[in-house]
1. Remind me, relative contact order of the chain in percent, using alpha carbon pairs under 8 angstrom and six or more residues apart?
2. Within the accessible area of the chain, what % is carbon and sulfur when the probe is 1.4 Å and the other protein chains stay in place?
3. Going down the table (Lys76/Lys105; Lys63/Lys109; Lys26/Lys139; Lys42/Lys142), which pairs top 18 Å between alpha carbons?
4. Taking the Cα centre of the chain as origin, sum charge times position over the Cβ atoms of Lys and Arg (+1) and Asp and Glu (-1), and report the length of that vector in debye to the nearest 20.
5. Set the bar at 21 Å for Cα to Cα. Now go through Lys49/Lys130; Lys25/Lys137; Lys4/Lys130 and name every pair that lies beyond it.
6. Projected onto the charge dipole of the range 1-141 (+1 at Lys/Arg Cβ, -1 at Asp/Glu Cβ, origin at the Cα centre), which of Met1, Val15, Leu74 gives the Cα projection farthest towards the positive end?
7. Which Cα, out of Val143, Leu132, Leu161, lies furthest along the positive dipole direction of the range 124-163 (beta carbon charges, K/R +1, D/E -1)?
Amino acid sequence: MVEKEVELSLGEIKVLYEYFIEQYKKEGITVTWSKLILNNLKMLTTPYKQIHSGLYDENRDSKYIEYGNKLHTLIKKYVDLDEQGNPIVENGEPRITENIVEYQKEVKKLDEEYKDLVDRLDHKNEINNKFLSQVVKIKIYKVSEQEIPNSIPPYIIGFLLDE
């Protein structure tokens, strides 16, 4: 097992870390392979945390929470009510038919108010893919072909084979 500096995309680091964390919880195949998993987990933990915090996740965006609360208020205001005054829900969604035009106008205004957020949400995958495509130099442990167990996926072998 040798430590090598390699160039990997942030997406590849994410894939490797997630593979290693999954394997970490399983019975080891060989002692060498288990040591490789442990050593690489140590090397990749900090970069993985940085990658995770760099990905756009609307649930960590205070504007998204604010937007969601305002949208929920609009839904409560415009939802159709039954004869007892309770909201009508169909297939788990509030039904809005009687005041649909007013509701849509209000949602359009809300979307304008939160234009940057709506744009981020619309382009979330592009934003995250661009982030994950960045290439960095990082150190990982590699092994010889003889030390790689037969049951390892080819994409993982490609990263860890010391040639």
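1. Details: 157 pairs, mean separation 64.9, N = 163.
Reported as a whole number, the value is 40 percent.
2. Details: 5390 of 11040 Å².
After summing per-atom areas, the C and S share lands at 49 percent.
3. Details: Lys76/Lys105 15 Å; Lys63/Lys109 15 Å; Lys26/Lys139 24 Å; Lys42/Lys142 14 Å.
Violating the 18 Å Cα-Cα cut-off are Lys26/Lys139.
4. Values: 23 positive and 30 negative charges, 140 e Å.
Its charge dipole is roughly 680 debye.
5. Values: Lys49/Lys130 18 Å; Lys25/Lys137 27 Å; Lys4/Lys130 26 Å.
As for pairs spanning more than 21 Å Cα to Cα, those are Lys25/Lys137; Lys4/Lys130.
6. Farthest towards the positive end: Met1.
7. Of the candidates, Leu132 comes out farthest on the positive side.
The values are calculated or read from the model by the stated rules, or taken from the named source; none is laboratory data. Quick caveat: nothing in here was measured; it's all calculated off a predicted structure. Note that we place each Cβ from the backbone using ideal geometry, even for glycine, and neighbour counts take in every protein chain shown. To get the accessible areas, we keep the full protein, side chains included, count just its heavy atoms, and leave off ligands, DNA and RNA. Shrake-Rupley method; radii C 1.70, N 1.55, O 1.52, S 1.80 Å.
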